[in-house]
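Data block below; observations after.
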Amino acid sequence: MIATQWEALTAPIAGLAAAEQLTADFDRVLVSGLARLDDRQAAACTALAAAVAGSPLAAAVADAAEQVRAGTVGPEHLTALAAARAAVSGAVHDALLEQCDSALGRKRATAAPVPAAGPVPAAAVATRAWLTELAITGWQGVGDDLLAAADRTVESLLDEPSLRRSAVLVDGFAAELAACVPVSAQPWVPVRRWADLWSRAVLSTWRATESDGHGPAEPVSGRLLVLGTDIHEHGTAVQIQVHAILEQAGRPPRRVRIGVGAPKVATISGPAVWQLLGEHPRLLAALAEHRTLELTDMPAFPTGDLLWQDERATAGEPADPFTTATVALPQAVAPAAAPLDRDPVYIAEPILLEGHQVSDGVARLGEHSIPLELDRLPAAGPLTPAAVNTAKAVLGLLRWDGGHWSIRPLAVRRTTKGEVVTLHNGDWALGPVDPKAAKAQAKTGDPVAVLRERAGRLLRK
């Protein structure tokens, strides 16, 4: 990326600040709950309705805002408000992506028609009722009774295969609330995040499909060129999301994503988390060895997400991700977002940054500066703040966070002792190659092997 591109990327967008303020005002209503609206909170609901007055949502949201002000709140009213919030966030998302594509000269696929929603199971209706009670109570009013009801709700969702996405979402949301009870005593509340989780959960209960509005999967074949790996880890789960380019005969190259994950416990962290993904040996080998993969009939959604099946991939020749980013990325067609993913928080555009100067986690291109997300560097890879701050090139994800663009590093190229070296998040997919990391892992032992041995011993008993 060059300075002129960054200048175009950071140009003000008309109406964006007002739209984000509108969402923030409504989100604060959910903190205290819809049962106790003051004039300012009622005005926030009315403003949300006014923002979608020219859309098909207009009548439903206007009625919902009126019923909320009157103290009569039902699931259908909160669904309308959640849909209005998602529409405003979607407009911000689309404006940001349009600016990004224009500045970087990228092409993007048009969104596929959303398949019609099928019959909604009873578990989804019960979940909607719990989410309604949660919004009426507000985050500050959450107590043991409401959290206990969440456990029963999640159990019923897990019994229905088409609702497992909703189950994971509601379970994680309830766990975050439980960890902060009493919320009123917390010095800081993640207002935007919890409102995002709540609104997405509400809307997901109306679409009982595994694809979650992504559209049907179709088999694809071709050569996969890896760009980088984003590692997401918390106490009970790990997921890697691989950003790549798919080359198919007779079609323009397109950007795709691969997401694979596994449950875990808190004692498994750092390089050891890769062992939990052992069901995907060909993918892990391609990440560690910087190789292409030849895909045969791999299921792919219109959103660019591959439903990874390791047996449908075979190892190809070596490929440098930085070369891929330079040559193939500018020509690749970006995927369209799924309806529920049209939110600024989901923006993650692969980008190559060169010719910059870095100090204290900020990259500077001429008069322009770009924050680098050094606090998101994973312990399961070799990237460190020092490595990023001395990098000559950064391959990362362009993200919108806190009202500005930032870059989450996935790989860096730097010069060490006169030699050019590259460091990638996926370098340790087959085990740490850094001597210090390997020595530290050997010293602490293999927590995955220990836990598996103990689990096997318990099962034998």
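The values are calculated or read from the model by the stated rules, or taken from the named source; none is laboratory data. Model, not experiment: these values are computed from the prediction. Every residue, glycine as well, gets a Cβ built from its backbone with ideal geometry; the counts of neighbours run over all protein chains shown.
Would you check which residues across the stretch 320-337 are within 13 Å of R257 (Cα to Cα) and out of contact with any Pro (no Cβ under 8 Å at 6 or more places or on another chain) and list them?
Hits for the stretch 320-337 are A334, A337.
Among the residues that make up the stretch 247-267, is at least one of them more than 30 Å from A411 (Cα to Cα) and either of a type outside the set (G, A, S) or not assigned by TED's automatic domain parsing to the domain that holds R106 (or both)? Lay out the reasoning, then the answer.
Applying the first criterion (more than 30 Å from A411 (Cα to Cα)) to the stretch 247-267 yields 250.
Going one step further and asking which of them are either of a type outside the set (G, A, S) or not assigned by TED's automatic domain parsing to the domain that holds R106 (or both), we end up with 250.
The answer is yes; a qualifying residue exists.
Restricting attention to the stretch 196-212, and to residues there that are over 16 Å from A135 (Cβ atoms) and among the hydroxyl-bearing types (S, T, Y), which single residue is modelled with the lowest pLDDT?
Per the stated criteria, the residue is S211.
Since E349 meets every condition but one in (1) in the same structural domain as P252 (by TED's automatic domain parsing); (2) in contact with a helix residue (DSSP H, G or I) (Cβ under 8 Å, 6 or more places away or on another chain); (3) crowded, with 21+ Cβ neighbours inside 10 Å; (4) at pLDDT 95 or above, which condition does it not meet?
Condition not satisfied by E349: (1).
In this structure, does A336 turn out to be farther than 20 Å from T384 by Cβ and either at pLDDT 95 or above or among the charged types (D, E, K, R) (or both)? I'd like the intermediate steps shown before the answer.
On the way: farther than 20 Å from T384 by Cβ: yes; either at pLDDT 95 or above or among the charged types (D, E, K, R) (or both): no.
No.
Which of (1) closer than 16 Å to V202 by Cα; (2) at pLDDT below 90 is the odd one out, the single condition A111 does not satisfy?
(1)
Just the residues that are in a helix (DSSP H, G or I) and either closer than 14 Å to L134 by Cβ or in contact with a Gly (Cβ under 7 Å, 6 or more places away or on another chain) (or both), please, taken from the stretch 173-195. Break it down stepwise before answering.
The initial filter retains those residues of the stretch 173-195 that are in a helix (DSSP H, G or I), namely 173-180, 183-185, 191-195.
Correct list: F173, A174, A175, E176, L177, A178, C180, V183, W194, A195.
Can we say R28 is surrounded by fewer than 19 Cβ atoms within 10 Å (Cβ to Cβ), in a helix (DSSP H, G or I) and within 23 Å of the chain's Cα centre (by Cα)? Give the derivation first.
On the way: surrounded by fewer than 19 Cβ atoms within 10 Å (Cβ to Cβ): yes; in a helix (DSSP H, G or I): yes; within 23 Å of the chain's Cα centre (by Cα): yes.
Yes; evaluated as a whole, the condition is true for this residue.
Kindly indicate whether T303 is among the hydroxyl-bearing types (S, T, Y), at negative phi and at pLDDT 95 or above.
Numbers: among the hydroxyl-bearing types (S, T, Y): yes; at negative phi: yes; at pLDDT 95 or above: no.
Criteria not met by T303.
So which residues in the stretch 86-107 are more than 19 Å from P12 (Cβ to Cβ) and surrounded by fewer than 16 Cβ atoms within 10 Å (Cβ to Cβ), if there are any at all?
G105, K107
Return only the number of the condition from (1) under 24 Å from the mean Cα position of the chain (by Cα); (2) assigned to a helix (DSSP H, G or I); (3) over 20 Å from D27 (Cβ atoms) that W206 does not satisfy.
Every condition holds for W206 apart from (2).
Which of the residues belonging to the stretch 376-412 are under 30 Å from L22 (Cβ atoms) and of a type in the set (V, I, T)?
Listed by number, the list holds a single entry, I407.
Listed here are the residues, each with its yes/no results for (1) surrounded by fewer than 15 Cβ atoms within 10 Å (Cβ to Cβ); (2) at positive phi.
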site: A70; (1), (2): yes, no
site: L78; (1), (2): no, no
site: A84; (1), (2): no, no
site: L134; (1), (2): no, no
site: G138; (1), (2): no, yes
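Any chance the stretch 390-404 includes a residue that's of a type in the set (D, E), surrounded by fewer than 17 Cβ atoms within 10 Å (Cβ to Cβ) and over 30 Å from S204 (Cβ atoms)? Give the steps one after another, and end with the answer.
Here is the first cut: in the stretch 390-404, the residues of a type in the set (D, E) are 401.
Still in the list and also surrounded by fewer than 17 Cβ atoms within 10 Å (Cβ to Cβ): 401.
Still in the running and over 30 Å from S204 (Cβ atoms): none.
Looking through the stretch 390-404, none of the residues is of a type in the set (D, E), surrounded by fewer than 17 Cβ atoms within 10 Å (Cβ to Cβ) and over 30 Å from S204 (Cβ atoms).
Please return the ranges of strands (runs of 3 or more DSSP E) entirely within the stretch 209-325 where 3 or more residues are surrounded by 19 or more Cβ atoms within 10 Å (Cβ to Cβ) and touching a residue at least 40 places away in the same chain (Cβ under 8 Å). Give the steps one after another, and end with the answer.
Working: elements: 218-234, 237-247, 254-263, 291-300, 313-318.
Output list reads 218-234, 237-247, 254-263, 291-300.
For residues in the stretch 395-426 being among the basic types (K, R) and in contact with a strand residue (DSSP E or B) (Cβ under 9 Å, 6 or more places away or on another chain), which is modelled with the lowest pLDDT? So that I can check it myself, show each step before the final result.
Initially, the stretch 395-426 is screened for residues among the basic types (K, R), giving 399, 408, 413-414, 417.
Right, trim to in contact with a strand residue (DSSP E or B) (Cβ under 9 Å, 6 or more places away or on another chain) and you get 399, 408, 413-414.
Values: R399: 96, R408: 96, R413: 95, R414: 92.
Among those that are among the basic types (K, R) and in contact with a strand residue (DSSP E or B) (Cβ under 9 Å, 6 or more places away or on another chain), it is R414.
Among the numbered criteria (1) among the polar types (S, T, N, Q); (2) closer than 21 Å to L134 by Cα; (3) at pLDDT below 90, which one does Q41 miss?
Checking Q41 against (1) among the polar types (S, T, N, Q); (2) closer than 21 Å to L134 by Cα; (3) at pLDDT below 90, the one that fails is (3).
Taking L37, is it touching a residue at least 12 places away in the same chain (Cβ under 8 Å), within 24 Å of the chain's Cα centre (by Cα) and surrounded by 14 or more Cβ atoms within 10 Å (Cβ to Cβ)? Outline the logic, then answer.
On the way: touching a residue at least 12 places away in the same chain (Cβ under 8 Å): yes; within 24 Å of the chain's Cα centre (by Cα): no; surrounded by 14 or more Cβ atoms within 10 Å (Cβ to Cβ): yes.
When the stated conditions are applied, L37 does not pass them.
Out of curiosity, is A35 among the small types (G, A, S) and closer than 19 Å to G141 by Cβ?
On the way: among the small types (G, A, S): yes; closer than 19 Å to G141 by Cβ: yes.
When the stated conditions are applied, A35 passes them.
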